[in-house]
Amino acid sequence: MTSPPLAGSLLPFVSNKDLEYFGVGLVVLVVFVAGSRFVSNRVVAALNRRNMRSDMVQIGGRVATVVLIGLGIWFAIGFAFQSQNFTLAGILLATIVASFGVQDLLKDYVSGYYVLLERHLRVGDRISMEGVGEGTVTDIKLRVTLLKTDSGDLLVVPNSELFNKAVTVHVRAVERAAEGVSPKPAPPE
């Protein structure tokens, strides 16, 4: 008489094949954790070569680690339950969460593209916006526009604000005449 297999005696509802897939899932998770350390170190080294700020280097390394460990968890669950639906659901969930997280950032970049393309604002123009303030444009970047206020403060305005709100551009008639745009004639007296 032979004794029953170990898995059958401890957990009668779990087959040996299920335990094998669970073991494969565990191995996949360990590989992803080890890989995340390797990739994190590579990301940190690459950011250090680009002379990035130390806090940005640290954040970059942590993001790489968290992303890879998260993927590893979802892949391990997929293997353990013998269904890739868990993996796909995890990736879909991560994509949705990430899209909500970067929504404002993408809005600023797309708005910045149009601000730069349409050229309604130029460096040196004096502008004012309701709720933001006024100042002289010192730089127009893809994500933000920098204004210098009368008091000398630097005002950083997201380009989505410039794109979605009314902006008053205060320019002198002499400057617009030099660009080829004639000022309105004065009404007859």
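Below are the figures for this structure:
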{"read-out": "Candidates THR136, THR65, THR145 - the one that is at pLDDT 90 or above, surrounded by 13 or more Cβ atoms within 10 Å (Cβ to Cβ) and within 30 Å of LEU19 (Cα to Cα)", "value": "THR65"}
{"read-out": "Restricting the stretch 71-97 to residues that are among the aliphatic types (A, V, I, L, M) and either crowded, with 17+ Cβ neighbours inside 10 Å or not assigned by TED's automatic domain parsing to the domain that holds VAL27 (or both), the residue that is farthest from PHE32 (Cα to Cα)", "value": "ALA80"}
{"read-out": "Failed condition for PRO12, given (1) at pLDDT below 90; (2) of a type outside the set (Gly, Ala, Ser); (3) out of contact with any Gly (no Cβ under 8 Å at 6 or more places or on another chain); (4) assigned to a helix (DSSP H, G or I)", "value": "(4)"}
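The values are calculated or read from the model by the stated rules, or taken from the named source; none is laboratory data. Note that this is a predicted model, so its numbers are computed, not measured. Note: ideal-geometry Cβ built from the backbone for every residue, glycine included; neighbour counts use all protein chains shown.
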